[in-house]
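The values are calculated or read from the model by the stated rules, or taken from the named source; none is laboratory data. Source: prediction; values computed, not measured. FYI the Cβ positions are ideal-geometry reconstructions off the backbone, even for glycines, and counts take in every protein chain you see.
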Amino acid sequence: MIIEEAKYFPFALKLKTPFQNSLTTFTERKGLILKLTNELGNVGYGECSPLPGFSEENLEEAETSLKGTLEFLKQTEFENDFSIPSKLSSVKFAVEQAMLSLAFQRDSMYWIRKLGLVNRTIPVSTVLGFDSLENILSKIQEKIELGFDTFKIKVGRENPYDDFELLEAIRNTFGYDIKLRLDANQKWSSDEAIEYLERFKDYIVEFVEEPCEFTCSTFKTVEESNIPIALDESIKSQKEAELYIKDCKAEFLVIKPMIAGGIFSSLKIIEAAQRLNKKIIISSAFESVVGKSVLVMLASLTNHNFAHGLDTPAFFEGDLCVDTYGINQAKFSFNPSNYPPKFNLPF
């Protein structure tokens, strides 16, 4: 495959309301859309949008790297290896998504077989950031009416009793028919985490993401907690993920491919986890409709029925184009014969 033209375009998506966790607050999502055209005239898109506060690179660094990658793409003939010189996860994600899109358009059946893609119904969770108690309860009710039954609740408030009060109110209001996940974004020490998790167990929690400020502390917490622990922002690469899969007793790994090394690294992480019966949850880094589409494909390759964290486009005032993978009753329907989706983009 030969790349005849390589361009990228900036974008910015405003959130309906600010999204806050224990680390930061988001009001908009900025990124770059890569557009590649091959010798057949086919077009493939990929998204490059490092997540501030979580990605190791910022958007300016990613753009510099992506700009330098464009000439490499036009000077290289590709078969089925889409490796590039850039080591930045968000740049790899964009290039791999766009190249994979072109590869599917050339020979979809080869890639469907190679990746093991099948028709899947994919359950989806939603996430609730810091907000007033009344607003959180109202948002949960709205999502229940749309078919959602799995909710990730951001915890790690300055006063931990505010977290306890929130969970108490959720269970008192909605009972135990909904599933709860908690995400502290590495807010606590190991001792604090162990103390708080002991309190959380009465609320029946599916798992707690990243309770501790240091990964070694999280390892200790995994050993001493009766609540399942999930790793998320500790994972910045395929190498780290495979190490944690092998050496950490955490049952769940929440993978953000935009941050964890790109698409092909995420495929290898899924394979490594499944060999040791660990559960991979594919999670959005607040990508646009473009980046989210390949996350749906990755989620289809996991071998469990736990919900994936892919509802973040609902937070945007508007997206780049119509979302082919719309959520219906908190589920995606993935059909590999329709991958990649067609994007009616303004550039």
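Per-residue answers, yes or no, for (1) within 25 Å of the chain's Cα centre (by Cα); (2) of a type in the set (Val, Ile, Thr):
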residue: Lys14; (1), (2): yes, no
residue: Leu23; (1), (2): yes, no
residue: Gly31; (1), (2): yes, no
residue: Thr37; (1), (2): no, yes
residue: Ser49; (1), (2): yes, no
residue: Gly53; (1), (2): yes, no
residue: Glu63; (1), (2): yes, no
residue: Lys74; (1), (2): no, no
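Read through the list (1) touching a Gly at 6+ places or on another chain (Cβ under 8 Å); (2) free of Cβ contacts under 8 Å to residues at least 24 places away in the same chain, then give the number of the only condition that Gln75 fails.
Of (1) touching a Gly at 6+ places or on another chain (Cβ under 8 Å); (2) free of Cβ contacts under 8 Å to residues at least 24 places away in the same chain, only one is false for Gln75: (1).
Quick one: which strands (runs of 3 or more DSSP E) lie wholly within the range 213-331 and hold at least 3 residues that are in contact (Cβ under 8 Å) with a residue 24 or more places away in the chain and surrounded by 22 or more Cβ atoms within 10 Å (Cβ to Cβ)?
Those strands (runs of 3 or more DSSP E) span 252-255, 279-282.
Which is within 17 Å of Ala230 (Cα to Cα) and either more than 10 Å from the chain's Cα centre (by Cα) or among the basic types (Lys, Arg) (or both), of Lys279, Lys268, Lys292?
None of the other options fit; the residue is Lys279.
Have a look at Gly175, Gly129 and point out the one that is on the phi > 0 side of the Ramachandran plot and at pLDDT 90 or above.
So the residue among Gly175, Gly129 that is on the phi > 0 side of the Ramachandran plot and at pLDDT 90 or above is Gly175.
On the given criteria, is Ser55 in a loop (DSSP other than H, G, I, E, B) and hydroxyl-bearing (Ser, Thr, Tyr)?
Judged against the criteria, Ser55 is a match.
Step by step: first the residues of the range 1-46, then only those that are touching a Leu at 6+ places or on another chain (Cβ under 7 Å) and not in a strand (DSSP E or B), then the one that is nearest to Gly262 (Cα to Cα). Which residue is that?
Taking the candidates together, the pick is Met1.
If I ask for residues that are under 25 Å from Cys48 (Cβ atoms) and acidic (Asp, Glu), which ones from the range 242-276 would you list?
Those that are under 25 Å from Cys48 (Cβ atoms) and acidic (Asp, Glu): Glu242, Glu271.
Looking at Glu63, is it surrounded by 14 or more Cβ atoms within 10 Å (Cβ to Cβ), among the charged types (D, E, K, R), out of contact with any His (no Cβ under 7 Å at 6 or more places or on another chain) and not in a strand (DSSP E or B)?
Yes.
Can you tell me how many residues within the range 18-70 are over 25 Å from Asp232 (Cβ atoms), free of Cβ contacts under 8 Å to residues at least 40 places away in the same chain and of a type in the set (Gly, Ala, Ser)?
Adding up the residues that qualify gives 2.
Within the range 175-183, identify whether any single residue is among the basic types (Lys, Arg), assigned by TED's automatic domain parsing to the domain that holds Pro160 and in contact with a Phe, Trp or Tyr (Cβ under 8 Å, 6 or more places away or on another chain), and answer yes or no.
Yes, some residue in the range 175-183 is among the basic types (Lys, Arg), assigned by TED's automatic domain parsing to the domain that holds Pro160 and in contact with a Phe, Trp or Tyr (Cβ under 8 Å, 6 or more places away or on another chain).
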